[in-house]
1. Name the single residue that is nearest to SER66 (Cα to Cα) among those in region 114-166 being loosely packed, with under 15 Cβ neighbours inside 10 Å and among the aliphatic types (A, V, I, L, M).
2. Is it the case that some residue within region 53-73 is over 27 Å from the mean Cα position of the chain (by Cα), loosely packed, with under 10 Cβ neighbours inside 10 Å and hydroxyl-bearing (Ser, Thr, Tyr)?
3. Within 35 Å of the chain's Cα centre (by Cα) and acidic (Asp, Glu): does that describe GLU33?
4. Among the residues in region 144-151, are any of a type in the set (Gly, Ala, Ser) and under 30 Å from LYS6 (Cα atoms)?
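Bear in mind that the values in this text are calculations on the coordinates, not laboratory data. Everything numeric here is computed off the predicted structure, so don't read it as measured data. Note that we place each Cβ from the backbone using ideal geometry, even for glycine, and neighbour counts take in every protein chain shown.
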Amino acid sequence: MISYIKRNTYTIIFLFFAVSILFCFYYDLLKKELIITTLGVLVALYIGLQKQKSDDDNLFKNLFESFNEKYDSELNDLMNTLRIETEKELSRKEVNQIIDYFNLCAEEYLWYKKRRIPSDVWKAWKNGIIENLKIPQVKSIFESEIASKNSELSYYGLIEKLKRHC
């Protein structure tokens, strides 16, 4: 029930005000012109808010697909290999892939801070990041990345969020 209310907050508020306006019209509590104007403004506001919600959902969908595609196409196999081969010596390309992974994580965090990524999705991604930081090679590269004075700027505050998990 609560999730239904959260998903339909604008509709519920719109219906409440629309019924209130119609109540005023029925009992002749306000001038007809004021009621029509108010109803028009209310409908325009509702449509605008629904459009904004739809745009936000589309942006999230695009971000979600983009981030998952980057991870799946470039990083998933490497992380799975490193989980099994904890002593594997990394090539320069693999080191760069892991640094790219940190940049991807930072980008996800940036969009989360901008409230474009829902908190439940960020929590799942953050848990995945923390698990990947348990891989010795990934942890080693992460520690050398955060040793830099500019790392906090480079990663949009993600470093501070993850430091306590390393």
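1. The residue in question is ALA124.
2. Taking every residue of region 53-73 in turn, none turns out to be over 27 Å from the mean Cα position of the chain (by Cα), loosely packed, with under 10 Cβ neighbours inside 10 Å and hydroxyl-bearing (Ser, Thr, Tyr).
3. Here the answer is no, as GLU33 does not meet what is asked.
4. No, region 144-151 contains no residue that is of a type in the set (Gly, Ala, Ser) and under 30 Å from LYS6 (Cα atoms).
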